[in-house]
1. Shape of the stretch 52-150 from its Cα gyration tensor (a ≥ b ≥ c, root eigenvalues): rounded if a/c is under 1.5, otherwise prolate when a/b > b/c, or oblate?
2. Report the gain in length on full extension from ILE6 to VAL73: 0.36 nm times residue separation, minus Cα-Cα distance, nm rounded to one decimal.
3. Just the Cα atoms of the chain: what Rg and Dmax do they give in Å?
4. Given the rule -39500 (n - 2.57) for each run of at least 4 DSSP H residues, summed and divided by the residues of the chain, what is its mean residue ellipticity at 222 nm, to the nearest 500 deg cm²/dmol?
5. Of all accessible surface on the chain at a 1.4 Å probe, what whole percent is carbon and sulfur?
6. Quick one: order ASP119, ASP179 from most to least accessible surface, probe 1.4 Å.
7. Counting only other residues whose beta carbon sits under 14 Å from that of ALA186, what net charge do I get with K and R as +1, D and E as -1?
8. Within a Cβ distance under 12 Å of ARG80, other residues only, what is the Lys/Arg minus Asp/Glu net charge?
Amino acid sequence: MYDELIFSHEPHTSHDAYVGGGAYLPSEISWPCSADGVPLTHLASFPGEWFSPSLAAQPYWISIFIPYLAGEVLHYRKLRAIHGNSEAIVVGYIRSEGERNEAANQILDRGSIRLSKNDEADDEENLASKLDGIDAWLQGPIASNIGQRRISIYGGDLDAALPRHKGILSDGMGYLFLDDNFVNKAANECGRFFLQLG
């Protein structure tokens with residue numbers, strides 16, 4: 001049994017995890033940029049309570065920002081794990097009321113992500129999109145200097161939620177790592193995001 005992530009191209013409530021669109025970053029947090037200053041694209045946002053039930057009473061969120069240009073594949077290389085890092089930026093924050101989208105290359109479409117209990121057995125060959133569970137790597141295990149893998153996203157599932165932006169993760173797997181003490185880390189030091197291609 002494991003917690004599967006179900007992606008769909010359906011509207012979401014303010015409490016749901018989602019992909020695409022903008023992020024509800026507070027004004028005091030700068031929009032994440034690449035090393036050369038290009039504003040990154042918002043990929044996904046998750047409520048903090050998914051990772052720590054103690055956050056249920058707080059509007060704490062985790063968002064993933066990636067280098068991206070529609071129709072291009074150059075970002076795949078930038079998302080690889082190299083010495084425990086990639087060019088993606090993961091930000092933890094208290095969600096604001098207003099949505100921002102300052103990306104140079106925006107994904108205007110949005111899709112929802114919900115959790116569903118899957119009664120099938122979980123193992124190291126289970127490449128489903130999931131929260132926690134058993135690590136399943138497309139290539140060798142990723143070693144990160146930040147925490148452990150908490151989310152796995154299969155590229156085909158992401159395509160179902162963003163049908164006009166297919167191929168963001170190719171047919172690979174995206175892995176979100178969070179520091180064990182992510183809530184108390186600086187906004188952009190709470191996690192890492194990596195892509196593995198088959």
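The values are calculated or read from the model by the stated rules, or taken from the named source; none is laboratory data. Small disclaimer: the values here were computed from a predicted structure and weren't measured. All Cβ positions, glycine included, derive from the backbone under ideal geometry; neighbour counts span all protein chains shown. When the accessible area is computed, the model is the full protein with side chains, heavy atoms only, and any ligands, DNA or RNA have been set aside. Shrake-Rupley method; radii C 1.70, N 1.55, O 1.52, S 1.80 Å.
1. On the way: a/c = 1.57, a/b = 1.10, b/c = 1.42.
Note, shape of the stretch 52-150 comes out oblate.
2. Working: separation 67, 0.36 × 67 = 24.12 nm, distance 2.46 nm.
Answer, rounded to one decimal: 21.7 nm.
3. 15.3, 45
4. Computed ellipticity for the chain at 222 nm equals -1500 deg cm²/dmol.
5. Summing carbon and sulfur atoms, their accessible area is 48 percent of the total for the chain.
6. Largest accessible area first, the residues go ASP119, ASP179.
7. Within the 14 Å Cβ shell, the charges total -1.
8. Every neighbour counted, the sum reads +2.
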